[in-house]
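What follows is a single structure, written as structure tokens, with notes after it.
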Amino acid sequence: MAILREITDIASVKMPIGETWTVSRCRYRSDDGAKGRVCLATGIHGNERMGQLVVYDVARRIKAQPECLHGTVDIYPMLNAIGLDISERMVPTGTMLDMNRAFPGVQDGTALESICYAIVQDMKGADLVLDIHTSSQITSELYGVRVHERHADAMISGAAALCPEVIWVLPDKPVHNASLCGALTQEDTHAVVIMVDERRLRAQMVVDQVVDGVFCKLRELGIWSGETKTAPAIQSIPCMWDEKDICRVTCRRPGMFVPNERNGSEVAAGDVLGTIFDALEGEPVETVTAPESGLVFTQRRYSAVYPGTLIARLCRKERA
Amino acid sequence: MKKDVIFTVPSYFRDDMNIMGYRFGKGEKSCAVLGALRGDEVQQLYVCARLVAFLREVERDGGIMPGKSVIVVPTAIGLSMNAGTRLWAPEETDINRCFPGDAEGSTTEQIAAALFEKLSVYKYGVQLTSFYQRGSFIPHVRMMETGRQNPELGCEFGLPYVYVRAPRTADQTTLNYCWQHAGTQAYSLYAGKTQEIDEAAADQTLRAIIRFLNGRGVIRSEQTMGQKSTVITDGDILSVSSKSAGLLRRVKHAGAHVRRGEQLAFIINPLDGAVKEVLKAPVTGMLFFIQDGPFITEHSPVFQVLAT
């Protein structure tokens with residue numbers, strides 16, 4: 001059995017000087033008539049490049065065992081190609097807009113709106129869309145799956161097959177509805193956000209964890225018949241059903257923040273998450289501690305902070 | 001005049017950023033006017049600064065009506081204005097996509113929450129804002145169609161048009177949308193340009209706010225006659241978009257009356273100067289918006305024409 005590989009431009013916009021912003025899709029499809037379809041998208045934010053390695057490894061595994069594919073895997077690696085090129089989070093045309101606040105787009109709208117529209121039209125109807133994001137330069141995240149509240153009941157148990165370290169249900173807020181995941185949810189297409197840590201020194205290890213989860217999910221959907229890791233029981237994954245399951249730890253003083261590496265570990269109330277210092281005064285100005293016990297699944301890295309800057313997110317132990 | 005610090009963002013590398021509110025009169029929270037929420041909204045800042053100067057004189061002359069009060073917040077993003085960035089620089093976020101904010105959230109959400117808490121108690125809200133695309137508008141009043149909008153009251157600004165626009169998903173986190181849902185009669189005023197001062201448009205916008213404040217019985221001052229406003233909706237506006245990309249050479253400007261088929265702009269190959277496309281008016285009407293950047297991408301709205 002062979003797989004069909006096809007690269008298609010699903011949207012394009014000509015730039016002023018001899019360049020076209022193109023959104024391309026690489027489709028891997030089995031020739032056995034299987035109907036299942038999963039989309040992997042990444043690069044909405046140009047400063048998040050770990051998704052490149054994730055989809056590259058997914059493609060490599062498919063090509064290494066083509067007989068195991070039974071259905072379609074669509075890969076969209078570079079949604080915000082110009083932003084990715086210059087490592088700019090926003091779409092660096094016009095007034096620097098966040099692509100993940102421009103969905104579902106408009107067919108005859110601006111360049112960005114028409115591209116967002118084409119992306120949603122191309123993905124809708126898939127069995128599952130995985131929108132791969134990576135933690136920013138200044139935060140460290142556990143490998144997480146974020147599910148839209150509207151589809152949470154139907155998707156939480158299935159999210160376990162992605163083998164995440166945490167699952168987070170995103171509330172049905174306007175800010176989320178204008179994202180790719182939110183727009184697809186409005187179209188009744190199951191879509192989740194995959195959050196990958198961009199700790200570059202261990203890039204391959206982090207990516208392997210995510211790619212293992214992707215194939216585990218493909219197997220659950222009947223799209224992949226190759227060997228995969230065993231999906232964990234949903235009960236074993238910390239799951240945050242709503243905002244009450246999350247403790248956000250912020251700082252009170254501005255300065256430079258030096259973290260105590262805690263991500264992925266359980267902390268108790270009073271444990272130190274990091275210190276803020278003032279280099280001019282040569283003094284520490286704040287010690288940031290965990291206000292309660294919980295699993296640290298987001299932690300700020302060494303960076304400048306303002307009052308209110310998010311230092312950590314804790315998954316509340318008793319509700320996990 | 002009272003100067004209030006609405007919110008302070010302490011900074012490590014720089015001075016603290018104080019968001020200042022200039023308050024006039026006492027009693028009912030009648031009208032709040034907000035200027036720049038983005039670092040490049042220079043025109044919006046300028047109009048507010050002139051409004052503060054004007055209201056100071058009105059107050060000195062006893063022209064703030066008893067039991068009424070006005071607050072003007074010229075900018076909520078001085079730190080980014082000084083650094084020359086459009087977005088809230090520390091978090092690269094748009095404050096006008098964070099309303100109603102979160103007092104316990106990120107710095108951007110805290111700024112939005114502090115502004116919203118202070119300003120949503122006012123009966124009328126006026127935001128001087130910019131468009132999400134680069135360009136110039138005919139000065140007009142705009143509001144979103146939330147079911148709570150009051151376009152008739154918007155006519156009291158005396159600007160030629162009051163534009164009621166259907167909100168998109170992303171608009172639901174803007175100040176105008178959230179203001180309306182909180183019970184404030186909210187109006188956005190588009191004051192011509194954004195990144196530079198346009199004196200004529202600033203004068204027109206300032207006069208419109210003064211007219212509204214007089215009309216609502218908040219102040220008593222000299223004012224100029226306004227125009228009879230026409231309420232328009234999305235259906236009255238036709239967009240002229242580019243089919244090509246290149247350098248944009250406009251031959252018509254915002255406010256120009258154009259006939260159907262009249263040439264509006266040329267898109268030119270940036271390397272060899274060849275004309276790639278001629279943009280023409282699809283209907284007879286007035287140019288309501290023009291994109292004023294030097295470059296244009298394919299599929300970009302360049303003009304909005306208000307059909308007559």
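The values are calculated or read from the model by the stated rules, or taken from the named source; none is laboratory data. Everything numeric in this text was worked out from a predicted model, so none of it was measured. Backbone-built Cβ (ideal geometry, glycine too); neighbour counts: all protein chains shown.
Being of a type outside the set (D, E), away from every other protein chain (no Cβ under 14 Å) and in a loop (DSSP other than H, G, I, E, B) holds for only one residue in B:P100, B:P66, B:P74, B:P90, and it is B:P66.
At least 1 residues that are within 14 Å of chain A (Cβ to nearest Cβ) and over 30 Å from A:V305 (Cβ atoms) in each: list the strands (runs of 3 or more DSSP E) lying fully within the range B:107-209 that qualify. Of the strands (runs of 3 or more DSSP E) lying wholly inside the range B:107-209, those with at least 1 residues that are within 14 Å of chain A (Cβ to nearest Cβ) and over 30 Å from A:V305 (Cβ atoms) span B:140-144, B:161-165. Going residue by residue through the range A:185-199, is there one that turns out to be within 14 Å of chain B (Cβ to nearest Cβ) and in contact with a Lys or Arg (Cβ under 6 Å, 6 or more places away or on another chain)? Yes, that holds for at least one residue.
For the range A:64-83, how many residues meet the condition of being in a helix (DSSP H, G or I) and either modelled with pLDDT of 95 or more or surrounded by fewer than 19 Cβ atoms within 10 Å (Cβ to Cβ) (or both)?
Selection size over the range A:64-83: 6.
Each row is one residue, and each column tells you yes or no for (1) touching a residue at least 24 places away in the same chain (Cβ under 8 Å); (2) in contact with a strand residue (DSSP E or B) (Cβ under 9 Å, 6 or more places away or on another chain); (3) more than 30 Å from B:L247 (Cβ to Cβ).
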{"residue": "A:D9", "(1), (2), (3)": "no, yes, no"}
{"residue": "A:P16", "(1), (2), (3)": "no, yes, no"}
{"residue": "A:C26", "(1), (2), (3)": "yes, yes, yes"}
{"residue": "A:A64", "(1), (2), (3)": "no, no, yes"}
{"residue": "A:Y76", "(1), (2), (3)": "yes, yes, yes"}
{"residue": "A:P104", "(1), (2), (3)": "yes, no, yes"}
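Residues in the range B:233-247 that are within 12 Å of chain A (Cβ to nearest Cβ) and free of Cβ contacts under 8 Å to residues at least 60 places away in the same chain were compared, and the one that is surrounded by the fewest Cβ atoms within 10 Å (Cβ to Cβ) is B:K243.
Scan the range B:283-302 for residues that are crowded, with 16+ Cβ neighbours inside 10 Å and within 13 Å of another protein chain (Cβ to nearest Cβ) and jot them down. If you could, list the steps in order and put the result at the bottom.
Just the residues of the range B:283-302 that are crowded, with 16+ Cβ neighbours inside 10 Å, to begin with: B:285-293, B:295-302.
Of everything in the range B:283-302, those that are crowded, with 16+ Cβ neighbours inside 10 Å and within 13 Å of another protein chain (Cβ to nearest Cβ) turn out to be B:F289, B:Q291, B:D292, B:G293, B:F295, B:I296, B:T297, B:E298, B:H299, B:S300, B:P301, B:V302.
A single member of A:C181, A:C216, A:C163 is away from chain B (no Cβ under 14 Å) and within 15 Å of the chain's Cα centre (by Cα), and it is A:C163. When the range B:265-308 is filtered for residues that are of a type in the set (A, V, I, L, M, F, W, C) and closer than 22 Å to B:Y161 by Cα, the ones remaining, listed by number, are B:A281, B:V283, B:M286, B:L287, B:F288, B:F289, B:I290, B:V302, B:F303, B:V305, B:L306, B:A307. Apart from one condition, B:R220 fits all of (1) surrounded by 14 or more Cβ atoms within 10 Å (Cβ to Cβ); (2) within 14 Å of chain A (Cβ to nearest Cβ); the exception is (2). Filtering the range A:53-63 for residues that are in a strand (DSSP E or B) and closer than 30 Å to B:E91 by Cβ leaves an empty set. Taking (1) closer than 22 Å to A:Y28 by Cα; (2) free of Cβ contacts under 8 Å to residues at least 60 places away in the same chain in turn, A:T230 satisfies each apart from (1).
Would you pick out the residues in the range A:91-103 that are buried (at least 23 other Cβ atoms within 10 Å of the Cβ) and either farther than 17 Å from A:P174 by Cα or more than 7 Å from every other protein chain (Cβ to nearest Cβ) (or both)? If the condition is that a residue be buried (at least 23 other Cβ atoms within 10 Å of the Cβ) and either farther than 17 Å from A:P174 by Cα or more than 7 Å from every other protein chain (Cβ to nearest Cβ) (or both), then A:V91, A:M99, A:N100, A:F103 are the ones that fit.
Tell me yes or no: at least one residue of the range B:267-279 is free of Cβ contacts under 8 Å to residues at least 60 places away in the same chain, surrounded by fewer than 16 Cβ atoms within 10 Å (Cβ to Cβ), hydrophobic (A, V, I, L, M, F, W, C) and within 14 Å of chain A (Cβ to nearest Cβ). Within the range B:267-279, one or more residues are free of Cβ contacts under 8 Å to residues at least 60 places away in the same chain, surrounded by fewer than 16 Cβ atoms within 10 Å (Cβ to Cβ), hydrophobic (A, V, I, L, M, F, W, C) and within 14 Å of chain A (Cβ to nearest Cβ).
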